[in-house]
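> If you scroll down you'll find the structure; I have some questions about it.
The values are calculated or read from the model by the stated rules, or taken from the named source; none is laboratory data. Nothing here was measured: the structure is a model prediction, and the numbers come from that model. Backbone-built Cβ (ideal geometry, glycine too); neighbour counts: all protein chains shown.
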Amino acid sequence: MRTSDVITNATRNAFRSKLRTTLTVLSLFVGAFTLTLTTALGAGVNDYVERQVATVSTGDALLVTPAASTDTGDGPTPYDADGRQQATQPNPLGAGTLLNDDDLDAMREMDGVDLVEPVRQITIDWIAPLDGTDSDRYELDVNPSSSLGRSDLVAGRQLDDETDATQIVLPDDYVDALGFADAESAIGETVELGYTDATQAAQTVEVEVAGVARTSLFATGAGANRSLTDAVSDAQAIPGRPDAWVLAVAHLDGTGPDGTVTEDDVAGVKTQLAEADLAGQTVEDQLGVIQTVINGIIGVLSAFSVIALLAASFGIVNTLLMSVQERTREIGLMKAMGMSNGKVFSLFSLEAVVIGFLGSAIGAAAAIGLGTVVSSALSAGPLADLPGLTILLFEPVNVLGVVLVIMLVAFVSGVLPARRAARQDPIDSLRYE
């Protein structure tokens, strides 16, 4: 019997008992459906996170903050008037401790550090259209590190830290509130910011809208260029108090090809920072925490798929064992006519593979159909504040991988029945009643 005949007969034989085969296919369907969805969830979320990181990370910088305090067992830490200050307002990027001049000098002297840029945190009370009234004012948060990265722009341009002009990148949900027709019409316009200085007096500053940005994982709030940050932070600085910063960005020298920063370069600077009681993180480090949580959740969901596939594999074993028993005399006849043990094994193994293909293909197709609808509904509803996020991303390679894995599970499940069929004695099989 030719190989093509074996494949044709295996496909036809898989449907001899339609009810039994259908039930086995349905059990595989559940596993394929769930596994395709969880794989798509992981691909969608990780793709979004990685694209967000790409907008703010160049891979050659560390975000540096004071190291977390540890209890040495020697009681409270003595006060040092020349030591680090504590933040007077909530610091979203670190604990309550600020960097000082000594920390910056220590970083600049470290091997592998090319440039150190300190970052100040400013507090803006409100934003309003130029010459707007009190009713036109809206609260506004400013991202302290916005001038050091790249915003995910809807319109306009990135912040210019070399200009003396004060600039801002607006979150896209402020466009309508400030009276602009759309994001494009806001570019180049002037808005007014209100803040409170160190003497608790109300101050205002006019700023140019350089761009409008989408909300993202790493760019919450408005962006402010260095001129705006310096102007407001100088006004809010407490007189007589030394300069302090919420964090600093250490740009690294690369030792890799074309000056690229390698993992060893990053690790070396991190070690030096730890010795100086400082902590450094790349954006990729922060991403790792998020991805660990995401992968953990997806792993739990995938475990349920594996359980369903395990149960389905027993169904395949049972289906083929019953098929072998019912077709004992047929097996004896085929072997008496010269069919080899290998061909018999292949015939029943391929029946298992056909059943696996049907269950996985139908399950994957159903997951893609339903998942696409659900993903679109979530993007237009609860996840509308995260533009660009496709919560279920069905990549062809991943879908094909799910189908092949389930077909492999089906093949392995069919080995025992196929071996039993191949090892049967043709004389005894022909006498079977």
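> Could you tell me which residue of the stretch 238-253 is farthest from VAL113 (Cα to Cα), considering only residues that are of a type in the set (Gly, Ala, Ser) and assigned to a loop (DSSP other than H, G, I, E, B)?
As a first pass, look at the stretch 238-253 and keep what is of a type in the set (Gly, Ala, Ser): 240, 244, 248, 250.
Next, from what is left, pick out any that are assigned to a loop (DSSP other than H, G, I, E, B): 240, 244.
Details: GLY240: 31, ALA244: 20 Å.
Once the filter is applied, the top-ranked residue is GLY240.
> Being without any contact (Cβ under 8 Å) to a residue 40 or more places away in the chain and crowded, with 21+ Cβ neighbours inside 10 Å narrows it down to one residue among ALA201, ALA186, ALA237, ALA222; which is it?
ALA186
> Just give me the residues in the stretch 113-136 being of a type outside the set (Val, Ile, Thr), under 16 Å from LEU278 (Cα atoms) and surrounded by 19 or more Cβ atoms within 10 Å (Cβ to Cβ), in sequence order.
Once the filter is applied, which keeps residues that are of a type outside the set (Val, Ile, Thr), under 16 Å from LEU278 (Cα atoms) and surrounded by 19 or more Cβ atoms within 10 Å (Cβ to Cβ), the stretch 113-136 yields only PRO118.
> How about the stretch 119-160: which of its residues are at pLDDT below 85, more than 23 Å from GLY179 (Cα to Cα) and more than 26 Å from the chain's Cα centre (by Cα)?
VAL119, ARG120, GLN121
> Name the residue, out of VAL317, VAL293, that is within 30 Å of the chain's Cα centre (by Cα), closer than 25 Å to GLY401 by Cα and either in a helix (DSSP H, G or I) or free of Cβ contacts under 8 Å to residues at least 12 places away in the same chain (or both).
VAL293
> Additional query: Inside the stretch 119-146, can you point out the residues that are among the basic types (Lys, Arg) and free of Cβ contacts under 8 Å to residues at least 60 places away in the same chain?
ARG137
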